[in-house]
Number of protein chains: 2
Amino acid sequence: MSYNILADALRAAMVRQDRDGIRHILNELQPADLAEFVRQEGAASAQQLLTYLPMDERADVFGYLEPDEQLEIAKDLDDLQLGQLLAHMNADEGADLFNLLEQARQDAILRGMAKEEREDLRRLASYAEGTAGAIMTSDYVVVPADLTAREALDQIRLTAPDAETIYQIYVLDEQQRIAGTLSLRELILAPPHRRIEELMTHEVVSASVDTPQEEVAKLIARYDILALPITNGGDRLVGIVTYDDAMDVAEAEATEDMHKGATIGKLEGGLRSASLATLYRKRVGWLVLLVFANIFSGAGIAYFEETIEAYIVLVFFLPLLVDSGGNAGSQAATLMVRGLATGDVRFRDWGKLLGRELLVASALGLTMGLAVATLGMFRGGPDIALVVALSMVLIVIVGSLIGMSLPFLLNRMKLDPATASAPLVTSIADASGVLVYFGIATAVLGLPTPG
Amino acid sequence: MSYNILADALRAAMVRQDRDGIRHILNELQPADLAEFVRQEGAASAQQLLTYLPMDERADVFGYLEPDEQLEIAKDLDDLQLGQLLAHMNADEGADLFNLLEQARQDAILRGMAKEEREDLRRLASYAEGTAGAIMTSDYVVVPADLTAREALDQIRLTAPDAETIYQIYVLDEQQRIAGTLSLRELILAPPHRRIEELMTHEVVSASVDTPQEEVAKLIARYDILALPITNGGDRLVGIVTYDDAMDVAEAEATEDMHKGATIGKLEGGLRSASLATLYRKRVGWLVLLVFANIFSGAGIAYFEETIEAYIVLVFFLPLLVDSGGNAGSQAATLMVRGLATGDVRFRDWGKLLGRELLVASALGLTMGLAVATLGMFRGGPDIALVVALSMVLIVIVGSLIGMSLPFLLNRMKLDPATASAPLVTSIADASGVLVYFGIATAVLGLPTPG
């Protein structure tokens, strides 16, 4: 049955307080769908619904909610309930939620936990946001190298219920370093008497707790693996990051890059849940900065005041010439920034890419120059047509090269190349465009040079 | 050992034609890394290296290459070799490569295949690009409902070597419809004598062969599942899409959206491998279109010629005012477009979001109005300060509302909301900005209305 039908049925059952009906529908709903329902209905009904579920399913649904939604529901739980919920959630998600609680609440919850649980939570909660440590889980499966495949499978049966995934299995040496790995698939297909050490792969791709999350996501995508083992600064295995977390990270990174490209700061949670004050704060900075960046274009126009007064028709072509440079530059910058983010191009390719861009931009400029020349002919005669066509070619080339180069320059200045790429390119291209256009006009039309 | 060290060693071993050395290093390299090496070294050494590997590993490495790289190597293989390679590749990747071959080559390869293989390949290759059918594989695991857990595990042991994943297992009824599903984890943890029908989940999330790829990727991410079952138009199971394909789709979709947002058409393969002619074609269309869109701004300026001649200082503020509207609008459009793509917001939320945007944009406009008022005071006195401040507030609000609305409008016109969002918003906001600015100036400064 589709989600919408079940959701309607659930809503109706809640209204008539039909406890059996509610239980029956909850059984049919996927955890992700139940989370969606809880999100739509708000914290009060969430509270009520979650009590119908056993603790592990409750924790499962909880894991699908956004941090702000989790907090909203957590407010109404007492310390004991919240502690149990945290203990049943995936270790990484539990630690994230724990980090959002107030200090007093954190202490109260830790006091109610068993020593081992407490230390696990404390450790996972201690990693900096944005690192592998902050998204890893400590619930992974380890088997000794000297077991047979059959013995290993038996051991996994005993330990698996708590593991986040049992599909990738790790083998440690005496120093708790990763000695090898094998998949559950390999284990199952292997002859039962073969030893793990003969079955495992020795070359293991791993990352450290400090590795940035986007690197982790890239490794998981590159090697098509279900989970990436994470080591402490040294070689000791301390956790794993699973593919589903990598998918979330990749999506969040793409969103962040798109937002940055439009001068919007990093939004936790998205447009829907962001407060008005947050949206204002994340947007105002660059907007004001760009106002001042655009002073240069204005100053350029003011500088050529006499040229404009002599041929006021030039103003008609100003927006379309200047914007064309910005548009071509935004294209180049976007291609570059996304290529860098996906690993398709690297910084060391810049020289080659710039050469290619010069050729492509010349072809684009010539096409657009032709288009605008006919317009210029019609509106201002042959002289103006020549001026606008020449300007267009040059402006598009200059804009494109700026767009191609700015991401590299930002990277050199230790800034994210995605930062404000398109609007910043546009502002710089605008100012250059004004100078190119009126410079060419002054020369071709034989006007006195200003100043 | 790291990839770079192994790659250097491999290069050296190839130069001294040390066959044992090559074999040893190939053993240590991950398939994805070997694909990277092959990519860097080119088709000739790829040919040489791949002969060292057994056919299934060769197919594995091949699967990590981009389509154009696969084709390059496929050129040098005879029909028999290529046929074997296709048969050993993952069914979905094999079908993709098959589709890129010339008709004559396709026929030759099909002739050399066993009937079942041939029909499988033909069927998978027949689905339209961009659909679930085009990325699904037919190598999934099915077990009968009446087996015990132990019997099912034994059966999977026999059939698994060919399956793309054995971690999600499907149960079919007599009409080949999906009756249920269970994970390998559930199967392994279950008591050996329990029957599959008691263990399986009846509610199965699925999609059809016609479902767009991005929908499939969203379902896999939403439900955190390893594989999504795909049905033919009716209810019959015909394939599965695995999480790693979903990750690739999500990345490609994000890239496509970013490119579209900067008026770049869909690039197969990325910036690095695109030809100059392709880059030109994918960029020129919108650039020329936007030239004509910007005529309106030029016409607006020309219309207010007398206002400008009376107060030439107004031109100084033109770029920064007009661009501010475009920048604020781009922010709003980008928030909207990305929110729609990730499912964070929906089209039906538009009214509410527009109201919120009005408030945020007013606050942004006031801030930027204040900034520009001091600049106006300094450069043109109190009258000019008033004009530019008022204009800024209004331009930012108008630009933001255009940015928020354009994605909805495009969707209504059955166009992708990501299409050209930022530059199109900028062009429209520019033209509105010119009218607002000079309109306010004419009124406040008591100038005669033009026309």
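Go through B:ALA35, B:ALA87 for me and flag whichever is touching an Asp or Glu at 6+ places or on another chain (Cβ under 7 Å), among the hydrophobic types (A, V, I, L, M, F, W, C) and under 29 Å from B:ALA132 (Cα atoms).
Step by step, each of B:ALA35, B:ALA87 is checked, and only B:ALA87 is touching an Asp or Glu at 6+ places or on another chain (Cβ under 7 Å), among the hydrophobic types (A, V, I, L, M, F, W, C) and under 29 Å from B:ALA132 (Cα atoms).
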Checked region A:316-345 for anything more than 7 Å from chain B (Cβ to nearest Cβ) and not in a helix (DSSP H, G or I); matches are A:GLY343
Scanning region A:282-301 for residues that are more than 8 Å from chain B (Cβ to nearest Cβ) and at pLDDT 85 or above, the one least open to solvent (accessible area, probe 1.4 Å) turns out to be A:GLY300
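May I ask you to list the residues in region B:192-213 that are touching a Gly at 6+ places or on another chain (Cβ under 9 Å) and open to solvent by 70 Å² or more (accessible area, probe 1.4 Å)? Please lay out each step first, then the result.
Let us first name the residues in region B:192-213 that are touching a Gly at 6+ places or on another chain (Cβ under 9 Å), namely B:196-197, B:199-204, B:208-213.
If the condition is that a residue be touching a Gly at 6+ places or on another chain (Cβ under 9 Å) and open to solvent by 70 Å² or more (accessible area, probe 1.4 Å), then B:GLU197, B:HIS202, B:ASP210 are the ones that fit.
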In the set A:VAL209, A:VAL205, the lone residue that is touching a Phe, Trp or Tyr at 6+ places or on another chain (Cβ under 7 Å) and at the interface with another protein chain (Cβ under 8 Å from one of its Cβ atoms) is A:VAL205
Expected single match for at pLDDT 90 or above, away from chain B (no Cβ under 12 Å), touching a helix residue (DSSP H, G or I) at 6+ places or on another chain (Cβ under 7 Å) and open to solvent by less than 40 Å² (accessible area, probe 1.4 Å) among A:LEU187, A:LEU153, A:LEU182 is A:LEU182
Reported set for region A:103-133 where residues are open to solvent by less than 30 Å² (accessible area, probe 1.4 Å) and without any contact (Cβ under 8 Å) to a residue 40 or more places away in the chain is A:GLN106, A:ALA108, A:ILE109, A:LEU110, A:MET113, A:LEU121, A:ALA125
Notebook entry, point to check: Within region A:400-415, can one find any residue that is open to solvent by 60 Å² or more (accessible area, probe 1.4 Å) and either outside the structural domain of A:ALA328 (by TED's automatic domain parsing) or on the phi > 0 side of the Ramachandran plot (or both)?
Noted result: yes
Picking from B:ALA361, B:ALA333, B:ALA328, the residue that is crowded, with 23+ Cβ neighbours inside 10 Å, touching a residue at least 24 places away in the same chain (Cβ under 8 Å), within 20 Å of B:GLU256 (Cβ to Cβ) and touching a Ser or Thr at 6+ places or on another chain (Cβ under 6 Å) would be B:ALA333
Yes/no for A:TYR311 being of a type in the set (Phe, Trp, Tyr) and either farther than 30 Å from A:LEU182 by Cα or in the same structural domain as A:SER432 (by TED's automatic domain parsing) (or both) | yes
- Evaluate region B:96-113: report whether one residue or more is closer than 21 Å to B:ALA160 by Cα, assigned to a helix (DSSP H, G or I) and outside the structural domain of B:ALA163 (by TED's automatic domain parsing). no
B:VAL216 meets each of (1) closer than 21 Å to B:ALA91 by Cα; (2) in contact with a helix residue (DSSP H, G or I) (Cβ under 7 Å, 6 or more places away or on another chain); (3) surrounded by fewer than 20 Cβ atoms within 10 Å (Cβ to Cβ) with one exception, condition (3)
A careful count of residues in region A:69-87 that are closer than 19 Å to A:SER126 by Cα and open to solvent by 70 Å² or more (accessible area, probe 1.4 Å) gives 0
Reported set for region A:14-32 where residues are of a type in the set (Lys, Arg), farther than 21 Å from A:TYR64 by Cβ and in a helix (DSSP H, G or I) is A:ARG19
Selection from region A:258-269 of residues at the interface with another protein chain (Cβ under 9 Å from one of its Cβ atoms) and open to solvent by 30 Å² or more (accessible area, probe 1.4 Å) yields A:GLY269
Of (1) open to solvent by 20 Å² or more (accessible area, probe 1.4 Å); (2) more than 8 Å from chain B (Cβ to nearest Cβ); (3) over 18 Å from B:LYS260 (Cβ atoms), A:ILE312 fails just (2)
Filtering region B:372-388 for residues that are within 12 Å of B:ALA441 (Cβ to Cβ) and open to solvent by 20 Å² or more (accessible area, probe 1.4 Å) leaves a count of 3
Residue hits (region B:271-297; part of a helix (DSSP H, G or I) and either over 30 Å from B:SER432 (Cβ atoms) or touching a Lys or Arg at 6+ places or on another chain (Cβ under 9 Å) (or both)) are B:LEU276, B:ALA277, B:THR278, B:LEU279, B:TYR280, B:ARG281, B:LYS282
(1) more than 8 Å from chain B (Cβ to nearest Cβ); (2) touching a helix residue (DSSP H, G or I) at 6+ places or on another chain (Cβ under 6 Å); (3) modelled with pLDDT under 85 all hold for A:ARG348 apart from (2)
For this session: Using the structure shown, decide if B:GLU268 is under 30 Å from B:ASP139 (Cα atoms), in a helix (DSSP H, G or I) and within 22 Å of the chain's Cα centre (by Cα).
Result: no
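Filter region A:270-281 down to the residues that are open to solvent by 50 Å² or more (accessible area, probe 1.4 Å) and either polar (S, T, N, Q) or at the interface with chain B (Cβ under 9 Å from one of its Cβ atoms) (or both) and list them by number. Outline the logic, then answer.
Initial filter on region A:270-281 (open to solvent by 50 Å² or more (accessible area, probe 1.4 Å)): A:272, A:275-277, A:280-281.
The answer is A:ARG272, A:SER275, A:LEU276, A:ALA277, A:TYR280.
The values are calculated or read from the model by the stated rules, or taken from the named source; none is laboratory data. This one's a predicted model, so the numbers in the text were calculated from it and none came from an experiment. Using ideal geometry, Cβ is built from the backbone for each residue, glycine included, and neighbour counts are taken over all protein chains shown. Calculation scope for accessible area: heavy atoms of the full protein, side chains included, ligands and nucleic acids excluded. Shrake-Rupley method; radii C 1.70, N 1.55, O 1.52, S 1.80 Å.
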